[in-house]
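Engineer: Next up is a structure, given as C-alpha cells.
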Amino acid sequence: MSEPSFFSNYKAQPRSRRLDRFASPQKIIQLLEKLLNKIKPELINYVSLDNIEKNNYEMLVHILQRGANYLRSGSKSKSNSKSDKLPNSLLLAIVNTMSEILAKESHSRISFRTFTDNYLRILSCPNDIKEWLEVGEITLFEALQLKRLSAENLAVSLDQASMVRTNLFLECRKEKWIIQRLRYEVDIKLGKTGSIENPIENPIKTSASIVEENPSLSIDREVSINTNSFFSEQLYSMIEIINSINFEELEKSEQEVLLNSIDNVVLQLQKIIKKRQKIITKNKTETPNLGFL
C-alpha cells in the first residue's frame with residue numbers, strides 16, 4: 001500500500017523527545033500521596049482512605065476530575081456519584097492544595113487542569129504503556145494515543161491489543177513519526193479516518209484533540225485547525241515546537257524576541273481581519289436591502 005500522500009510530503013521534523021519526569025505512573029502516585037497527606041484530616045470524614053489506595057487511587061482521581069469540571073463550568077457542574085458527598089468548599093480546598101503541589105513540583109509548568117485532564121490518565125493505561133513511560137521510552141502524548149488501542153476498542157484479546165501497540169510503537173520509533181502521523185495511524189487502526197490516499201480530507205481539529213496531542217496546552221475556548229488551510233502545516237509545526245520549549249529555560253533576550261514575534265503575527269492578523277470587516281460593512285451599506293420587493 002502506498003504511503004499517504006499528505007504525510008509523505010510533510011516537511012516538519014519530528015520533535016526531539018525530552019524526558020518528562022511527570023509522565024510516570026510512580027510520579028503521579030507520589031503527587032497523589034502528597035495531596036492525601038495534606039487533605040487527610042478533612043477528607044477522612046467523607047471518603048475511606050483505604051479504598052483510595054486499594055483501588056489505584058480511582059476515588060481520588062474522580063474527586064480531582066470533579067474539581068476540574070467544577071472550575072471549567074464556573075462552579076455550576078453537577079456532583080459525580082463517586083464524590084458527591086464532598087462539599088464544594090472541601091472540593092475547592094483540594095483543588096487549591098493540588099495546584100500548590102504542582103506549582104512547587106513543576107515550577108509552575110504543569111497546571112491543575114493539565115494534570116487532571118492528561119497526566120492522571122496515565123494511571124488507567126495498560127501495563128505495557130506504563131512500563132514504557134516509567135523508563136522514559138515514550139512521551140505522554142504517545143502514551144495517550146497508544147492507550148486508545150485497547151482490547152475493547154480493537155475487539156481483540158488483551159495480548160493481541162498489547163502486540164498491536166508494541167508493533168505500532170516500534171514503527172513509530174523506526175520511522176520517526178511526527179505527532180500528527182502517530183495519531184493518524186492510530187485512527188486507521190480504529191477505523192476512524194478517511195481515505196489513506198487523501199488524509200487531508202479528515203475532519204478538522206478541535207480543541208479537545210489539540211489538547212490531547214499537546215498536554216501542556218490549556219485551551220479554554222473552542223479552537224479548530226482546518227487541514228485544507230494554507231497555514232495548516234505551519235500551525236501544526238508551531239504547536240509542536242512551542243510545546244517542546246520550556247519558556248523558563250530561555251535567556252531573557254530569547255524570551256523577548258519570541259514574545260515580540262508572536263505579538264507581531266497576532267497584530268498583523270488583527271489588522272487584516274479589521275480591514276476585511278470594514279470592507280464587508282461598507283459593501284452592506286452600499287447595497288440596498290430590496291427584501292420588500
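Engineer: If the requirement is being in a helix (DSSP H, G or I) and modelled with pLDDT under 90, which of these qualifies: Asn51, Asn37?
Structural biologist: Working: Asn37 fails: modelled with pLDDT under 90.
Selected residue: Asn51, the only one of Asn51, Asn37 that is in a helix (DSSP H, G or I) and modelled with pLDDT under 90.
Engineer: Which residues, taken from the range 107-140, are at pLDDT 90 or above, under 17 Å from Leu64 (Cβ atoms) and open to solvent by 20 Å² or more (accessible area, probe 1.4 Å)?
Structural biologist: Passing the criteria: Arg121, Ser124.
Engineer: To continue, here is another question. Enumerate the pairs (first residue in the range 44-69 and over 16 Å from Met98 (Cα atoms); second residue anywhere and exposed (fewer than 15 other Cβ atoms within 10 Å of the Cβ)) with beta-carbon separation below 6 Å, excluding pairs fewer than 6 apart on the same chain, so at least 6 apart or on different chains.
Structural biologist: That search, which allows pairs on different chains as well, returns Tyr46/Lys85.
Engineer: Have a look at Leu49, Leu32 and point out the one that is open to solvent by less than 70 Å² (accessible area, probe 1.4 Å) and in contact with a Phe, Trp or Tyr (Cβ under 6 Å, 6 or more places away or on another chain).
Structural biologist: Numbers: Leu49 fails: in contact with a Phe, Trp or Tyr (Cβ under 6 Å, 6 or more places away or on another chain).
Residue meeting the stated conditions: Leu32.
Engineer: Given the condition of a type in the set (A, V, I, L, M) and either outside any helix (DSSP H, G or I) or without any contact (Cβ under 8 Å) to a residue 24 or more places away in the chain (or both), answer yes or no: does some residue in the range 114-127 qualify?
Structural biologist: Taking the range 114-127 and keeping what is of a type in the set (A, V, I, L, M), we get 120, 122-123.
Going one step further and asking which of them are either outside any helix (DSSP H, G or I) or without any contact (Cβ under 8 Å) to a residue 24 or more places away in the chain (or both), we end up with none.
Within the range 114-127 (the criterion being of a type in the set (A, V, I, L, M) and either outside any helix (DSSP H, G or I) or without any contact (Cβ under 8 Å) to a residue 24 or more places away in the chain (or both)), the answer is no, since none of the residues qualifies.
Engineer: Still on this model: Hand me the list of helices (runs of 4 or more DSSP H) wholly inside the range 130-194 holding 2 or more residues that are closer than 24 Å to Ile29 by Cβ and of a type in the set (S, T, N, Q).
Structural biologist: Details: elements: 140-147, 151-154, 158-175, 179-189.
Fully inside the range 130-194 and qualifying: nothing.
Engineer: OK, next. Evaluate the range 91-106: report whether one residue or more is open to solvent by 50 Å² or more (accessible area, probe 1.4 Å) and closer than 21 Å to Asn56 by Cα. Walk me through it before giving the result.
Structural biologist: First, pick out the residues of the range 91-106 that are open to solvent by 50 Å² or more (accessible area, probe 1.4 Å): 92, 96, 100, 104.
Going one step further and asking which of them are closer than 21 Å to Asn56 by Cα, we end up with none.
Within the range 91-106, not a single residue is open to solvent by 50 Å² or more (accessible area, probe 1.4 Å) and closer than 21 Å to Asn56 by Cα.
Engineer: Counting only residues that are more than 18 Å from Ser24 (Cβ to Cβ) and in contact (Cβ under 8 Å) with a residue 40 or more places away in the chain, which one in the range 90-107 is farthest from the chain's Cα centre (by Cα)?
Structural biologist: Of all residues in the range 90-107, those more than 18 Å from Ser24 (Cβ to Cβ) come to 90-97, 99-100, 103.
After this cut, where a residue has to be in contact (Cβ under 8 Å) with a residue 40 or more places away in the chain as well, the list is 90, 93-94, 97.
Numbers: Leu90: 27, Ala93: 25, Ile94: 22, Thr97: 22 Å.
In this case the residue turns out to be Leu90.
The values are calculated or read from the model by the stated rules, or taken from the named source; none is laboratory data. Because the structure is predicted, anything quoted here is derived from the model rather than measured. Glycine gets a Cβ as well: all are built from the backbone with ideal geometry, and neighbour counts include every protein chain shown. Side chains included, ligands, DNA and RNA excluded: accessible areas come from the protein's heavy atoms. Shrake-Rupley method; radii C 1.70, N 1.55, O 1.52, S 1.80 Å.
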